[in-house]
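I have placed the structure first, in the form of structure tokens, so that the comments after it can refer back to it.
What follows draws every value from the coordinates through simple rules; no lab data is involved. Since the structure is predicted, the reported quantities are computational estimates derived from the model, not experimental observations. Note that we place each Cβ from the backbone using ideal geometry, even for glycine, and neighbour counts take in every protein chain shown.
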Amino acid sequence: MSADDNAFAVVADGWFDGERRHEEPATFLVRDGRIEDVAAGDRSADLASRGLSLQRGGFLMPGLVDAHVHLFLDGGSTDAKQRAEHLKQPLEQLIDAARASARQSRDCGVTLVRDAGDRHGINNRIRGEARDPRAGFPRVRSSGLGVKRAKRYGAFMATDVTDADSIRDSVTALAQDNDEIKLILTGIIDFAAGAVTDEPQFTLEETRLIVDTAQAAGRSTLAHCSGEKGLAIAARAGVGSVEHGFFMNRETLAVMRDRQVAWTPTFCPVHFQWAHPEAVGWSPQTVGNLRRILDDHARHLQLAHEMGVTLLLGTDAGSMGVRHGHAVFEEMDRFVEAGLSLETALRAATSAARRHFGLASPVLDKGAEFDALLLEASPFDDMANLQRSLAVWVAHPGRDWNCAQHQFEHQ
Ligand SMILES: [Zn+2]
């Protein structure tokens, strides 16, 4: 066996490093799952003479990150009864469904997902299985089971807390096994009313307590939150990221920028209900509300970008009509429709999330772990090229996110 058994090269006509687009061809030498060298131009002749295997493509970029999924839910199902039945399945079947979601994401070029909560802790289990490259999953970052106010929304993904003591106890216990602490700060949007009609589940002080307790245990937080009142609390409490964030406003965005609170706007589930009102039985008036909510959301996404708020691309895959993997392309469409450049949308779907999660290699660079997607052609010529992948490489960190040892898979 030669010393180069764990090495290969990729030549791409153009590439995106996670931050910037490069329009010139480049050759990547990968060894033991890391980028040993990046050289300008096509160096294939030289590499072939060294006996290295070579992969060629139109465009190389970091693997996609979906910063908000629920692996145990099947987003492909759009029938309410079927969705309710799905949840009643025995645990083993739900775990199988989560495995299928993970594989489907990987097949779409998603190499890392953040699971935003499930009641059974299936996400933590899949995270464990994903460490074995043979599973064919993306890497999984998991918020396990979240916390919610007793008797309020979120039972499918969170446990109940009542007072300061139970917040401290629950968050400390959950922090042992969860990469981040999910808190359910508000309920869902009342689309018929076109507003968030319930009061936030936690006060500013309680939210701060959740954030501080998580931080003391070395964990960041992500807050399910929509509506002005809840968003003001989330931003001021300094949660790690606001999830959904419908009914955003400039004042809250300014606090988010100053406190480095990231935003995952998750257009997909609302967009699906606007595009397919028959799936839910919405009236024309409600469809109008959905359009207004989406337009308002798009305006605030653009504003957030201009103001310098960190944006993460997350789909809420598993929600009705939001299919694992495929939804990333749809969410990217929403970002671009909102007026963001494709480069900005790709950043949100690659380096921004990796940086937010504290990963060692947020961009493709010399020395970085090779977690990448090779496309037939550049998405800057046609966004649909994002869906035409030739190869997906998932970096496999060890048990610890900062672990330097990586296994590697090439398919
Ligand atoms: Zn969600």
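For the range 58-160, what does the alpha-carbon gyration tensor say about shape, rounded, prolate or oblate, given a ≥ b ≥ c as the root eigenvalues, a/c under 1.5 as rounded, and a/b over b/c as prolate?
The shape class here is prolate.
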Can you tell me the relative contact order of the chain? Whole percent, Cα pairs under 8 Å, sequence separation 6 or more.
20
Collect residues whose amide H, placed 1.01 Å from N in the peptide plane, falls under 5 Å from the amide H of L54; neighbours closer than 5 in sequence don't count.
A9
Is the shape of the range 64-349 best called rounded, prolate or oblate, per the rule: a/c under 1.5 gives rounded, else a/b larger than b/c gives prolate, else oblate, with a ≥ b ≥ c the square roots of the Cα gyration tensor eigenvalues?
rounded
Is the range 174-286 best put as rounded, prolate or oblate by its Cα gyration tensor, with a ≥ b ≥ c the root eigenvalues, rounded for a/c under 1.5, and otherwise prolate when a/b is larger than b/c, oblate when not?
prolate
For the range 92-97, Karplus couplings with θ = phi - 60° (6.51, -1.76, 1.60), whole Hz, Gly/Pro x:
4, 6, 5, 5, 4, 4
Sorted by average packing, counted as other Cβ atoms within 10 angstrom per residue and highest first, what order do 342-354, 294-306 take?
342-354, 294-306
Under-5 Å amide H pairs with E36, H placed in peptide plane, nonlocal only
L29, V30, R31, G367
In the chain, with Lys and Arg counted as +1 and Asp and Glu as -1 at Cβ, which of these residues, P379, G281, A352, has the Cα nearest the positive end of the dipole, that is, farthest along it?
G281
Simple SL model, points at 7 angstrom along Cα→Cβ for D382 and R259; separation in nm is 4.5
Suppose the chain between D163 and R20 were pulled fully straight at 0.36 nm per residue; how much longer would it get relative to their current alpha carbon spacing?
46.8 nm
Taking the Cα centre of the range 64-349 as the origin, how large is its charge dipole in debye, to the nearest 20, when only Lys and Arg (+1) and Asp and Glu (-1) carry charge on their Cβ atoms?
320
When DSSP beta bridges are limited to those with both residues in the chain, what percentage is antiparallel, rounded to the nearest 5?
45
Across R131, R50, R259, the residue with the highest GNM fluctuation in the chain (Cα network, 10 Å cutoff) is R50
